[in-house]
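**Q** Structure below; questions to follow.
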Amino acid sequence: MSGYSRRDFLRTCGGTGLAVAAASSPVEARTPPKVPADAVGMLYDTTLCIGCKACVAACTEANDLVPDTALSGGLWQTPTALNSQTKNIIKLYQGETDWSFVKQQCMHCLDPACVSGCPFQALTKGDKGIVAWNPKQCIGCRYCEVVCPFKIPKFEWEKFNPKIVKCQMCDHRLDEFSQPACTQVCPTGAVTFGQRRMLLNEAKNRIAKNPGTYHEERVYGEKDGGGTQVLYLSHVPFGAIGLPKLSDKSLPSYGSKVHRMMTWFMVLPIMLYVFFVTLVRKNWREHDEEAMQAETEQGLRDQL
Amino acid sequence: MSRSRPYDVHEMRPGRVNIWQRGVPVWEAPIFTPTFVLLLLFIAIGTVLAGMRFMGGLGPFVGSTDEYAWGVWKTFNVMALTALGSGAMAIGIAAWVFHKKELHSIMRAALVTSFLFYFTGLVGLITDVGRPWNMWNALLPWKWNTESALWEVTIAMPIYCLIFLAFENSPLIVERIWFTGNKKQRDRIRKWRPRMRSIYPFMIAGAFVVPIGHQSSLGGLLVLAGDKVHPLWQSPVLPLLYLFQAAICGVAFVIVCVMASCLVWRRPLDMKVIGSLAKLLSGLILFWLVFRFADLIIRGQLGQAFELDAVSIAFLIENLLVLIPALVLLKPRLRETPRVAFTMALLACVGGLLYRFLPTTVTYSPGVEYIYFPSVAELLITAGLMSMAGAAYILAVKLFAVLPAPLRSWYAMMDHAKHERDSERKADA
Amino acid sequence: MVAAPFGLALTEKVRAQDVAETLEKARRPSVIWLHFQDCTGCTETLLRTSQPDVAELILHLISLDYHETLMAAAGKQAEAALHDAMKENAGKYILIVEGSIPQKDNGIYAKIAGKTAIESLTEVSANAAAIIAIGSCASWGGIPSSGPNPTGAVGVDSIIKDKPIVNIPGCPPNPYTLLGVALQYATAGTLPKLDDEKRPLFAFDRYIHDHCPRRAHFDAGEFAEQFGDAGHEQGWCLYQLGCKGPVTHAGCSTRHFNETPGVWPIGIGAPCVGCTERDIAFKMPIFDKAPVPDPKPPATYPAVTAPSGQIDPIATGLVGFGVGAVVAGAYVASRKFSDKPGDVSVPGTEGESEKETSEE
């Protein structure tokens, strides 16, 4: 390695060593967002849902959405999935021997990937733990769509002024009605609203009182994906009703140690910068001398 | 044919003679060639379509759906092509930090290509966001979400491109003004030159730190996507893998670009410099492959690579495309063979591009029932962006002293310029 | 049946006898009924009532002082009755108008007793307490106003602006709507709550579609496609045959006609033509499909995972072409480079003449 002296080598080692030291220094793990004690939630129980879709109609009305009638030529509200006109939908799983309805909407995760990934805080967790979207700060990058493990946020592709559309638990009318429209109209109580910890208790009671009814004898969303505020009790496998298999670690906490390391008070970037500047300046001085010498010899200006 | 002037020989290293002694503009070729006009046509088509997309919303112009929310622009023009544009970072570090002096001769080419890739990447980014009028939030620190990898990319890319790379490319323009300008301009340049040279090293160092940050953040973007990215690519150390892959792509692309430029504009090659770059490339690739496979083994995903379904075949191809060049370029003789160096560097470019592009689009799977393919408008805008980079590169190479050449090319240019001035004066007289 | 609409709900602590007594005790209010451009269908529909029937109505409940079809008088006697009623009950009589009022050419297209309809209406309404416009013609112009409206026919509220008006559109409307409004006024002195087209809410607040007995067929997608086909015979929804139920406010789907259940247009298999709505009736073609203003989910369910996205063959072709071009170009370029190690000549030339440079 001609031109790369022993001193340079030692400097490289020193710099790398410093960097590694900073990396293994006691950097605290990333703290997930604080979830309030009175965080609200919804509990959906597939054994009680009759597929009446009153919740779909109520959600459309309460949120001033234009019903998606594309597939029916204007006759019925016929979305096949959540989309920019549908924040809540009832779907049907039909297996060989079993079947179930499933209600799909935003899960209001305890540590949402969308909130972690949004570059300008357009998605935030509000005071009741509701994940809400702010049009003033959204640049429409759709990163939230990429990272959401439940594939919830939807984008208004056809609009000139596109919004991100997803369930916000009717937070614009919670003060007036004290619950979202879907839970308000549900005739069987398949979906209920309340504080998350109370709903969790209720769910566990149901499991205890009806052994063998609920899949895996557990409530989905207690820990899945770091925990969600919308909880599911299902008599069929969770995967069958579209609930993905997630670890107990939330997505933002996966790989966060590396990121946290990198950005801890910008120490690493600053040290890297100091390291580079030291070496570059030394080499620059040498380069400059040679360049000026060549300039006088050749009569041609040096090219940086 | 060679002029015997005492200063033809410029020994950068003892015992070695350089072919590439000085950057020289491609003065002998006209600007408006058929290729250039064709590129302008693509740029025009792309601009019109982009204008329509701003008026009409993203939907009609992209093949994206809510499941494949990112089409081709963010994933290809930004994530993949800026890897090719990391030449300034990789070669800069090799030249300025690790003291490889012979690489200074192609620094200008690396800087120009990096700037152009980043600039078109930024244009692509603006075209892609659905609510660009809120981009002013980027200037308000209290609106930032510093936890987000995309925030890092959105802030760092413009800073890198428009401040650091622009500064590092300014000597090109200053030089042209010096040689073609009037006395007042030369006085001003003479006055500012020492100041610019004194802050240059600080800007160079910054131009290493910033891309290290955002090139790794480009990898970090995928970490949050979780299971949608196939396990053969998804990893907590994705940022570091992306960073080193960027260095690989950058070096490989500079090799390809400079050699192709010499082919097109009939310049001699300096195989010592190319050989040095190729050696660097080979070392980087081998280090990266070891790192990557170590990560795969630690995560227990190596078995997936050999299942021979479509995904694993893509994975194997992607790795072979970089492994073969790495092995071939280990031999000094082959490194200095033009055809081998060019072909191997090209394979490495493709392999690197695949590594950056596959996990975001091709092997990205929100669910088996969802498919995505870019729409025609999307592809034409991508082509427009790439044509913009290509046309700008051609223009830069012809107007500024970017491509390295022997000194006698410079003197030939000066003679030609003098000859033209004389014949003008004769015509006036 | 009549008591309910004007608030004397029998479920409250009021018995039917008390209602009858109240009605008896009220001084029989004076009612003047004017006809203009009409077919007299609205009067005819009034005759098809039984609770109360017309005799009970005009003999015991109201004082029908002027009605060209029903009154015994004719000619000058009839005119005298009109003037007397107007003088005696000034400020207290109800004016019921049937038929539209022509405006073109100073309104000469309807003249009774030498006066145009406009003159007549203006004169009689001047001292009326309230005006009820019965039928679509009086409400907004009706059939005479359908294109090209050669007589410039309009409804009452286009002429009279300073009196309370109740519109009861329909062609004809259900007579009990009229009875409800009139008797509420007669006993309580108030008019029912009206919508922004001055129609009583108790009869016009909902679309036919929202109360239609065939709605379940609509929700299930069971439509009659042609008159007389199997669906039509089974009483399926008539939407595909142009039923305007989704955009028509009226009470026909619950009240029916002729006091016989099932006797109403949709009930007998004829799609609703929207006779109460000024933008629909006699304007929108009968067999054109109406837009559905508030669609609800149907009785079908989407699967848990629904595919999305598509591949455009032209785009695939473009990508193939582009990739092919790049590969070909790369191959051609690579052949141009020399395969001699350390060859520094200009690529594409066969190693000419650069030896001097490399030796220097």
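The values are calculated or read from the model by the stated rules, or taken from the named source; none is laboratory data. Note that this is a predicted model, so its numbers are computed, not measured. When we count neighbours, we look across all protein chains shown, and the Cβ atoms used for this are built from the backbone with ideal geometry, even at glycine.
**Q** Being assigned to a loop (DSSP other than H, G, I, E, B) and buried (at least 16 other Cβ atoms within 10 Å of the Cβ) is true for just one of C:259, C:277, C:225. Which residue is that?
**A** Details: C:259 fails: buried (at least 16 other Cβ atoms within 10 Å of the Cβ); C:225 fails: buried (at least 16 other Cβ atoms within 10 Å of the Cβ).
After ruling out the rest, the residue left standing is C:277.
**Q** Identify the single condition in (1) surrounded by fewer than 22 Cβ atoms within 10 Å (Cβ to Cβ); (2) modelled with pLDDT under 95 that residue A:132 does not satisfy, given that it satisfies every other one.
**A** (2)
**Q** Continuing with the same structure: Which of the residues spanning segment A:140-160 are within 7 Å of chain B (Cβ to nearest Cβ), among the aliphatic types (A, V, I, L, M) and in contact (Cβ under 8 Å) with a residue 60 or more places away in the chain?
**A** First, pick out the residues of segment A:140-160 that are within 7 Å of chain B (Cβ to nearest Cβ): A:140-143, A:145-147, A:149, A:151, A:154-155, A:157-160.
Among the residues that remain, those that are also among the aliphatic types (A, V, I, L, M) are: A:146-147.
Residue satisfying the conditions is A:147 alone.
**Q** Specify the residue that is farthest from residue A:152 (Cα to Cα); the eligible residues are those in segment C:286-312 that are within 7 Å of another protein chain (Cβ to nearest Cβ) and charged (D, E, K, R).
**A** C:312
**Q** If you don't mind, there's one more thing I want to ask. Of all residues in segment B:370-419, how many are under 30 Å from residue C:307 (Cα atoms) and among the small types (Gly, Ala, Ser)?
**A** 3
**Q** Just a yes or no: is a residue in segment A:55-71 free of Cβ contacts under 8 Å to residues at least 12 places away in the same chain, among the β-branched types (Val, Ile, Thr) and facing chain C (nearest Cβ under 10 Å)?
**A** For segment A:55-71, residues free of Cβ contacts under 8 Å to residues at least 12 places away in the same chain, among the β-branched types (Val, Ile, Thr) and facing chain C (nearest Cβ under 10 Å): present.
**Q** For segment B:124-137, how many residues are more than 7 Å from every other protein chain (Cβ to nearest Cβ) and either more than 18 Å from residue B:51 (Cα to Cα) or at pLDDT below 90 (or both)? If you could, list the steps in order and put the result at the bottom.
**A** Within segment B:124-137, the subset more than 7 Å from every other protein chain (Cβ to nearest Cβ) is B:124-128, B:133, B:136.
Filter again for either more than 18 Å from residue B:51 (Cα to Cα) or at pLDDT below 90 (or both), leaving B:136.
Total satisfying the criteria: 1.
**Q** Follow-up. Tell me, yes or no, whether segment B:292-302 has at least one residue that is within 24 Å of residue C:338 (Cα to Cα) and within 14 Å of chain A (Cβ to nearest Cβ).
**A** There is no residue in segment B:292-302 that is within 24 Å of residue C:338 (Cα to Cα) and within 14 Å of chain A (Cβ to nearest Cβ).
**Q** Here's something else I'd like to know. Out of curiosity, is residue C:330 at the interface with another protein chain (Cβ under 10 Å from one of its Cβ atoms) and under 30 Å from residue B:345 (Cβ atoms)?
**A** Details: at the interface with another protein chain (Cβ under 10 Å from one of its Cβ atoms): yes; under 30 Å from residue B:345 (Cβ atoms): yes.
The answer is yes for residue C:330.
**Q** Which residues, taken from segment A:229-244, are more than 25 Å from residue A:114 (Cβ to Cβ) and surrounded by 22 or more Cβ atoms within 10 Å (Cβ to Cβ)?
**A** Passing the criteria: none in range.
**Q** Please determine, by comparing only the residues of segment B:359-388 that are over 18 Å from residue C:323 (Cα atoms) and of a type in the set (A, V, I, L, M), which one is surrounded by the most Cβ atoms within 10 Å (Cβ to Cβ).
**A** B:388
**Q** Against the conditions (1) more than 9 Å from chain A (Cβ to nearest Cβ); (2) within 29 Å of residue A:292 (Cβ to Cβ); (3) not acidic (Asp, Glu), where does residue B:208 fall short? Just the number, please.
**A** (1)
**Q** Can you find, within segment A:113-135, the residue that is farthest from residue B:133 (Cα to Cα) among those that are more than 7 Å from chain B (Cβ to nearest Cβ) and without any contact (Cβ under 8 Å) to a residue 24 or more places away in the chain? Please lay out each step first, then the result.
**A** Initial filter on segment A:113-135 (more than 7 Å from chain B (Cβ to nearest Cβ)): A:114-115, A:122-135.
Okay, now just the ones that are also without any contact (Cβ under 8 Å) to a residue 24 or more places away in the chain, so A:124, A:134.
Working: A:124: 20, A:134: 14 Å.
Ranking the candidates gives A:124 first.
**Q** Quick check on my filter: what residues within segment B:96-106 are of a type in the set (A, V, I, L, M) and surrounded by fewer than 24 Cβ atoms within 10 Å (Cβ to Cβ)?
**A** Listed by number, the residues that qualify are B:97, B:103.
**Q** Please work out if residue B:267 is touching a residue at least 12 places away in the same chain (Cβ under 8 Å), away from chain A (no Cβ under 14 Å) and in a helix (DSSP H, G or I).
**A** Here the answer is no, as residue B:267 does not meet what is asked.
**Q** Only one of these is assigned to a helix (DSSP H, G or I) and without any contact (Cβ under 8 Å) to a residue 40 or more places away in the chain: B:179, B:253. Name it.
**A** Criteria check complete, one pass: B:179.
**Q** Within segment C:44-57, is there a residue that is within 17 Å of residue C:126 (Cα to Cα), hydroxyl-bearing (Ser, Thr, Tyr) and either outside the structural domain of residue C:162 (by TED's automatic domain parsing) or at pLDDT 90 or above (or both)?
**A** Checking segment C:44-57: not a single residue is within 17 Å of residue C:126 (Cα to Cα), hydroxyl-bearing (Ser, Thr, Tyr) and either outside the structural domain of residue C:162 (by TED's automatic domain parsing) or at pLDDT 90 or above (or both).
**Q** Has segment A:245-257 got any residue that is at pLDDT 90 or above, among the small types (Gly, Ala, Ser) and closer than 30 Å to residue B:211 by Cα?
**A** Yes, segment A:245-257 contains at least one residue that is at pLDDT 90 or above, among the small types (Gly, Ala, Ser) and closer than 30 Å to residue B:211 by Cα.
**Q** Applying the selection to segment B:127-144, what residues are without any contact (Cβ under 8 Å) to a residue 40 or more places away in the chain, closer than 30 Å to residue A:260 by Cβ and assigned to a helix (DSSP H, G or I)?
**A** The answer is B:134, B:135, B:136, B:137, B:138, B:139, B:141, B:142, B:143.
**Q** Name the pairs whose Cβ atoms lie under 6 Å apart, with the first residue in segment C:323-342 and surrounded by 12 or more Cβ atoms within 10 Å (Cβ to Cβ), the second assigned to a helix (DSSP H, G or I) and hydroxyl-bearing (Ser, Thr, Tyr), and 6 or more positions between them or separate chains?
**A** C:334/B:343
**Q** If I ask for residues that are touching a Pro at 6+ places or on another chain (Cβ under 9 Å) and of a type in the set (Gly, Ala, Ser), which ones from segment A:91-112 would you list?
**A** Result: A:95, single match.
**Q** Sticking with this structure for a sec: Of C:315, C:250, which residue is without any contact (Cβ under 8 Å) to a residue 60 or more places away in the chain and more than 10 Å from chain A (Cβ to nearest Cβ)?
**A** C:315
**Q** Within segment B:248-261, can one find any residue that is farther than 29 Å from residue A:275 by Cα, of a type in the set (Gly, Ala, Ser) and modelled with pLDDT of 90 or more?
**A** yes
**Q** Is it the case, given these coordinates, that residue A:167 is more than 14 Å from every other protein chain (Cβ to nearest Cβ), within 24 Å of the chain's Cα centre (by Cα) and closer than 29 Å to residue B:60 by Cβ?
**A** Values: more than 14 Å from every other protein chain (Cβ to nearest Cβ): yes; within 24 Å of the chain's Cα centre (by Cα): yes; closer than 29 Å to residue B:60 by Cβ: yes.
So residue A:167 fits the description; yes.
**Q** For the structure I just gave you, tell me whether residue B:113 is among the β-branched types (Val, Ile, Thr) and surrounded by 23 or more Cβ atoms within 10 Å (Cβ to Cβ).
**A** yes
**Q** Is it true that some residue in segment B:184-198 is in contact (Cβ under 8 Å) with a residue 60 or more places away in the chain and of a type in the set (Asp, Glu)?
**A** In the first step, residues of segment B:184-198 are kept if they are in contact (Cβ under 8 Å) with a residue 60 or more places away in the chain; the result is none.
Looking through segment B:184-198, none of the residues is in contact (Cβ under 8 Å) with a residue 60 or more places away in the chain and of a type in the set (Asp, Glu).
**Q** Another question, if that's okay. So, of the residues in segment B:145-159 that are more than 7 Å from chain A (Cβ to nearest Cβ) and free of Cβ contacts under 8 Å to residues at least 60 places away in the same chain, which turns out to be surrounded by the most Cβ atoms within 10 Å (Cβ to Cβ)?
**A** The selected residue is B:155.
**Q** Go through segment A:75-96 and count every residue that is exposed (fewer than 15 other Cβ atoms within 10 Å of the Cβ) and assigned to a loop (DSSP other than H, G, I, E, B).
**A** 2
**Q** Ok, one more. Sort through A:194, A:226 and tell me the only one that's under 19 Å from residue A:108 (Cα atoms) and crowded, with 18+ Cβ neighbours inside 10 Å.
**A** So the residue among A:194, A:226 that is under 19 Å from residue A:108 (Cα atoms) and crowded, with 18+ Cβ neighbours inside 10 Å is A:226.
**Q** For residue C:77, which of the numbered conditions (1) modelled with pLDDT of 90 or more; (2) on the phi < 0 side of the Ramachandran plot; (3) surrounded by 15 or more Cβ atoms within 10 Å (Cβ to Cβ) fails to hold?
**A** Going through (1) modelled with pLDDT of 90 or more; (2) on the phi < 0 side of the Ramachandran plot; (3) surrounded by 15 or more Cβ atoms within 10 Å (Cβ to Cβ) one by one, residue C:77 breaks only (3).
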